[in-house]
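The next block holds one structure in the form of structure tokens; read it before the comments.
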Amino acid sequence: MDGLEDKDYALIERAQKAIQENYDQAHYNHTVGAAVRCKNGKIYVGVNVYSLHGACAEQVAIGTAITNGERDFDTIVAVRGKEGEEIIPPCGNCRQILHDYMPACKVILSVDKELKKIEAKELLPFSYSVE
């Protein structure tokens, strides 16, 4: 695991801004924000879309990046709460997506109340793979 750099804290701030601007206090349809930084430095954000089978904020951010032609990912983070105060790990489905699309991408996590970066492929040991 690696420590965080200034650009990682800026990425967290982008995820926080995404949820601060879109938090749904009335119905809780949007409670998580995510930001993904590509290797070229561009950042894409997303918020979760809650329904019976909704999409996670990470999936929305990744989809937006891919829609814009990105394929090389550097780091991703997800935050939860009205102010984005809690950094959260990817859910199981997101871990599989990260493994499939960007196994070497770093994921910012809170581990024992300390921020760390870990490669996405390490979050899903013994994963299903089409390779």
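The values are calculated or read from the model by the stated rules, or taken from the named source; none is laboratory data. All of these numbers come straight from a predicted model, not from anything done at the bench. Please note: Cβ atoms are built from the backbone with ideal geometry, for glycine as well, and neighbour counts cover all protein chains shown. Side chains are part of the model used for accessible areas, which takes the heavy atoms of the whole protein and leaves out ligands, DNA and RNA. Shrake-Rupley method; radii C 1.70, N 1.55, O 1.52, S 1.80 Å.
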- [ ] Can you run down the residue pairs with Cβ atoms below 9 Å, 6 or more apart or on separate chains, where the first is in segment 55-67 and free of Cβ contacts under 8 Å to residues at least 24 places away in the same chain and the partner is acidic (D, E)?
- [x] T64/E70
Task: Filter result for K121 (open to solvent by 30 Å² or more (accessible area, probe 1.4 Å), basic (K, R) and in a strand (DSSP E or B)) - done: no
- [ ] Name, by its number, the condition in (1) open to solvent by less than 40 Å² (accessible area, probe 1.4 Å); (2) in contact (Cβ under 8 Å) with a residue 40 or more places away in the chain; (3) farther than 20 Å from A120 by Cβ; (4) among the charged types (D, E, K, R) that does not hold for K17.
- [x] (1)
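Within segment 17-41, which residues are of a type outside the set (A, V, I, L, M, F, W, C) and closer than 20 Å to I118 by Cα? Working first, answer last.
Let us first name the residues in segment 17-41 that are of a type outside the set (A, V, I, L, M, F, W, C), namely 17, 20-25, 27-31, 33, 37, 39-41.
Scanning segment 17-41 gives G33, R37, K39, N40, G41.
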Task: Those residues of segment 20-32 which are part of a loop (DSSP other than H, G, I, E, B) and open to solvent by 60 Å² or more (accessible area, probe 1.4 Å), in sequence order - done: Q25, A26, H27, Y28
- [ ] Select from segment 44-61 the residues that are surrounded by 15 or more Cβ atoms within 10 Å (Cβ to Cβ) and of a type outside the set (A, V, I, L, M) and list them in ascending order.
- [x] Y44, G46, N48, Y50, C56, E58, Q59
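Listed here are the residues, each with its yes/no results for (1) surrounded by fewer than 19 Cβ atoms within 10 Å (Cβ to Cβ); (2) of a type in the set (S, T, Y); (3) within 16 Å of A10 (Cα to Cα).
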residue: K42; (1), (2), (3): yes, no, yes
residue: G63; (1), (2), (3): yes, no, no
residue: D74; (1), (2), (3): no, no, yes
residue: A78; (1), (2), (3): no, no, yes
residue: E83; (1), (2), (3): yes, no, yes
residue: P89; (1), (2), (3): yes, no, no
residue: A104; (1), (2), (3): yes, no, no
residue: K113; (1), (2), (3): yes, no, no
residue: P125; (1), (2), (3): yes, no, no
Open item on the list: Quick check on A78: is it of a type in the set (G, A, S), touching a Pro at 6+ places or on another chain (Cβ under 7 Å) and modelled with pLDDT of 95 or more?
Closed with: yes
